[in-house]
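This report concerns only the one structure given below.
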Amino acid sequence: MRIDKYLKVARVLKRREIAKQLALNERLFINGKVAKPASEVKVGDEIRIIFGNRQIAIRVLEVRESASKEQAFAMYEVLEENKQA
């Protein structure tokens, strides 16, 4: 599944367009490498997202085409979350 769609389905981000912009600005990484909006995500991948002064790292636990709110939160685990002043 494309990373922009995964982040939307897993409810990490509200819109795919936000994921696309993060990728184009090199603020989205899969396993330490800069991701493109169409980069594929698989179970076990580590995704790092940088939003301004906040960073979050998650591990992909499940990939689904659609998910309810409860199912979405089971699709990943948060590895690290940092806020910078």
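Listed values, structure above:
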quantity	calculated
Amide proton proximity set for ALA35, modelled H, under 5 Å, gap of 5+	LEU28, PHE29, ILE30
Those aspartates and glutamates that a straight Cα-Cα span of less than 12 Å connects to LYS42, excepting residues fewer than 8 apart in one chain	GLU62
Rg and Dmax [Cα atoms of the chain; Å; Rg one decimal, Dmax integer]	11.7, 36
Of ARG54, ARG15, ARG27, the one that fluctuates the most in a GNM where the chain has Cα springs shorter than 10 Å	ARG54
In order through the range 6-18: 3J(HN,Hα) via Karplus (6.51 cos²θ - 1.76 cosθ + 1.60), integer Hz, x for Gly, Pro	4, 4, 6, 4, 7, 6, 6, 10, 7, 9, 5, 4, 5
Candidates GLU26, GLU65, GLU40, ranked by Gaussian network fluctuation over the chain, Cα under 10 Å, top entry	GLU65
Choice from ILE56, ILE47, ILE30 with maximal GNM fluctuation in the chain (Cα, 10 Å cutoff)	ILE56
Karplus-derived HN-Hα couplings along the range 43-55 (A = 6.51, B = -1.76, C = 1.60, θ = phi - 60°), whole Hz, x at Gly and Pro	4, x, 5, 9, 10, 10, 10, 10, 10, x, 9, 10, 10
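Just so you know, all these numbers are worked out from the coordinates, no wet-lab data involved. Because the structure is predicted, anything quoted here is derived from the model rather than measured.
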